[in-house]
1. Identify the single condition in (1) surrounded by 18 or more Cβ atoms within 10 Å (Cβ to Cβ); (2) within 12 Å of another protein chain (Cβ to nearest Cβ) that residue B:173 does not satisfy, given that it satisfies every other one.
2. With respect to residue A:215, is the statement that it is touching a residue at least 40 places away in the same chain (Cβ under 8 Å), assigned by TED's automatic domain parsing to the domain that holds residue A:106 and either part of a helix (DSSP H, G or I) or buried (at least 21 other Cβ atoms within 10 Å of the Cβ) (or both) true?
3. Search region A:245-270 for residues that are assigned by TED's automatic domain parsing to the domain that holds residue A:229 and pair each with any residue that is assigned to a loop (DSSP other than H, G, I, E, B) when their beta-carbon atoms are under 6 Å apart and the residues are at least 6 apart or on different chains.
4. So if I check each of B:74, B:63, which one is within 10 Å of chain A (Cβ to nearest Cβ) and surrounded by fewer than 18 Cβ atoms within 10 Å (Cβ to Cβ)?
5. Taking region B:102-125, which residues are within 9 Å of another protein chain (Cβ to nearest Cβ) and in contact with a helix residue (DSSP H, G or I) (Cβ under 8 Å, 6 or more places away or on another chain)?
6. I'm trying to understand the selection: among the residues of region B:85-101, which are more than 9 Å from chain A (Cβ to nearest Cβ) and part of a loop (DSSP other than H, G, I, E, B)?
7. What are the residues in region B:65-87 that are more than 11 Å from ligand 2 (Cβ to nearest atom) and touching a strand residue (DSSP E or B) at 6+ places or on another chain (Cβ under 8 Å), if any?
Ligand SMILES: Nc1ncnc2c1ncn2[C@@H]1O[C@H](COP(=O)(O)OP(=O)(O)OP(=O)(O)O)[C@@H](O)[C@H]1O
Ligand SMILES: [Mg+2]
């Protein structure tokens, strides 16, 4: 008993900190959810409610419904747009994630294990591109994409994502490989493996957590990307959720309920992905290699 | 099975030369220990034989074939790494079978070979575990197992016992030697522990600072060290090496003492005598070096005595537990025919 009380101030501090952190990160999501189940007329009332007096699924119905009403009028359903944008978000994010993880897995290994002139300079240059603010390259990039005919194409958007998120992934994977003892690869070579074989069968499985981390980072960044698709995805051909949802604001009405319902649905894929991949983010894979 | 031949091998990292022309041969089926102080180039030499390190000049041949340009995987060599380098994501079975799997052996062949190696090494109960579920000694055995399943031409060991505790080390020493006898393979064993080298090897190669100092059977190195470095390195506790002036059949030690020797060397020499070749006698006896005891250590089987006299320190080893204690004045007499003389400038053996 006495021990517990001795640490009481520290414990209270810790719990306070944790509570603040949870409030900070979960609060907005909760608020968005509450908004998405609040009837439209309650949304504009003066009193603030932590839970709506009359919860409603009508915004979700509007989102998924075949037909839709807005302010009492029959309007076109948003589902075709929403589903299209949802697919666009998924396709570009997944494609970018796959490409970034594959390129980083091999590229970073080359930066660590292969000897070639200018290796370190090249790496610094690649990573230095992280420091270039996106808006400075927007206009030249736009002209480049026009001349390549890549505006409003999956290829175009995916390529931009890859070039934006690859440096960080390369950086991360390079430190993963650097921390891995060379003797593991050497042992594989002496066992009769080619360099590629040793890489694929010995190095890659051990680099798994690093690759998963790269994948999560890239997917989350691509999923939340707003500025790039705002410029490069003008139509529903490639327009993602991040750009579509703010468009639910019409000239004379802001449909907060619908926007937040869409937002809550948009959280699902990254949430599921993180929950699924989380189990592979284990540490200690290297245990047992040495003495 | 194959012989290994190393000819004038040098190694430079950029402009720093770390290996200055090393040559020696390992006969087919021989067990050679490569010893030397830390940083002398043992691992580098071993890695050059394995093909993991480029050879700057000279040649390495295995079974009569120069392998300088041959890739590691084509050299038919197995190596037990200083840090074992077990594949952490594979079971013991897969660790041991990996090399056979890579050369396309059938499942049945692999299973047989792995089972046999596991049997020899006492690893059968652990085949389905991963390396992290094993003790240090078991991991060491898996590393050995990985090397022996494919019966390579040459085994290379890089200080495989250096991190094990004393008891396990002695046990593994015997096991590795027994394994060598059983497989009859050519082995090169790197260690900086000269006891390990003495007990295990058919022949010892002593290196220092990228040069070969002496190569020969353990007892030859012990009985007739070619220079003062080998004399001091081989044998535990180390040989006493005293600065002296030699002249017409006698030497004068730094303490002023004069001793008779069976040599006609003249000039500045190093007078070498092993601790176990000093006999206890009274301080004023004929041919004795009078010294005062400063420490006495006993291990039960042996008694280790350090004694001083005018800036000269002698270490002696007795197995009959004489009644000697700190502060005693004693005489130590070099046994006849056990004295080694080395030129003090070049360190080379005289006579
Ligand atoms: N990559 C490198 N670049 C420069 N010098 C190196 C490199 N690798 C090793 N050396 C030098 O080569 C020499 C021999 O090193 P090596 O690892 O062969 O020593 P060793 O005899 O195995 O020592 P230990 O008993 O400590 O393992 C050392 O002086 C070391 O500093
Ligand atoms: Mg070494």
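1. Single failed check for residue B:173: (2).
2. Here the answer is yes, as residue A:215 does meet what is asked.
3. A:248/A:255
4. B:74 is the lone residue from the list that is within 10 Å of chain A (Cβ to nearest Cβ) and surrounded by fewer than 18 Cβ atoms within 10 Å (Cβ to Cβ).
5. B:102
6. Result: B:91, single match.
7. Within region B:65-87, B:66, B:67, B:68, B:75, B:76, B:77, B:78, B:79, B:80 qualify.
Residue by residue, here is whether (1) more than 17 Å from residue A:208 (Cβ to Cβ); (2) within 14 Å of chain B (Cβ to nearest Cβ); (3) modelled with pLDDT of 95 or more holds:
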{"site": "A:102", "(1), (2), (3)": "no, no, yes"}
{"site": "A:120", "(1), (2), (3)": "yes, no, no"}
{"site": "A:129", "(1), (2), (3)": "yes, no, no"}
{"site": "A:142", "(1), (2), (3)": "yes, no, no"}
{"site": "A:145", "(1), (2), (3)": "yes, no, no"}
{"site": "A:181", "(1), (2), (3)": "no, yes, no"}
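The values are calculated or read from the model by the stated rules, or taken from the named source; none is laboratory data. Just so you know, these numbers come straight off a predicted model, no measurement behind them. Using ideal geometry, Cβ is built from the backbone for each residue, glycine included, and neighbour counts are taken over all protein chains shown.
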